[in-house]
Amino acid sequence: MDTSGIAIVQFNDEKSKAIQSHFQNYLNNDMDGLKSLWSPDLKVYANSPDPVGLEELVGMLEAQHSTFSPIVMTFGEEVENQPIAWVETTDYPATPSSPAATWSQSWFTWTATSKLSGETITLPAHISFQWGDDGKIAAEYHFYETGPMTAAIEAAMAAAE
């Protein structure tokens, strides 16, 4: 059987584990830890066809941590030793129309409480990570409802003025 055109999906591989650690760095507000996995030319598409770069993303994440505490990520039932997200990595072979590529997919529920209002926001989320040739994350695609999060951040910023 010719397996040259078959994509390989893994769950406990080096890249999937790196994404789990990456999420833990996010929860710990460890921007240096996050940056260690990102390409300097990172492009992030957060529910938009227009990407933001590394510095803008870091500013957005810092605003989240300034606005919310605690921030929690979960997947499935909350049980001991449960991963904070479902992560799988797929190695796609080259095709006539695209080069070989490696992507990690993640699904989780993001829950955070506003420091200002005490309101808790719960958002189901999906993030796709495209790996570059250098072993760093080259692009991210974020899929979740940003409205409640953005409104809470804007309210916190207005209250701080």
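The table below gives the values:
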{"quantity": "The chain: Lys pairs at Cα distance under 26 angstrom, eight or more positions apart or on different chains", "calculated": "10"}
{"quantity": "Cα-projected label distance for HIS142 with ASP41, points at 7 Å along beta-carbon direction, nm", "calculated": "2.3 nm"}
{"quantity": "For the stretch 23-112: relative contact order, % (alpha-carbon pairs under 8 angstrom, 6 or more apart)", "calculated": "22 percent"}
{"quantity": "Net charge of neighbours whose Cβ lies under 11 Å from the Cβ of SER39, counting Lys and Arg as +1 and Asp and Glu as -1", "calculated": "-1"}
{"quantity": "Estimated inter-spin distance, TRP86 and ALA125, nm [label 7 Å along Cα→Cβ]", "calculated": "1.7 nm"}
{"quantity": "Check: the chain dipole with +1 on Lys, Arg Cβ and -1 on Asp, Glu Cβ, in debye", "calculated": "40 debye"}
{"quantity": "Net +/- balance of residues flanking ILE127 in space, Cβ distance below 15 Å, scoring K and R +1, D and E -1", "calculated": "-1"}
{"quantity": "Antiparallel %, DSSP beta bridges [both residues in the chain], to 5", "calculated": "85 percent"}
{"quantity": "SER21-GLU77 pseudo-label distance in nm [points 7 Å out on the Cα-to-Cβ vector]", "calculated": "3.0 nm"}
{"quantity": "Percent RCO, i.e. relative contact order, over the chain, from Cα pairs under 8 Å lying at least 6 residues apart", "calculated": "24 percent"}
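Rule-based calculations on the coordinates, nothing more; no lab input. Not measured: the values here are computed from a predicted model. Here Cβ is always computed from backbone atoms with ideal geometry, including for glycine, and neighbour counts include all displayed protein chains.
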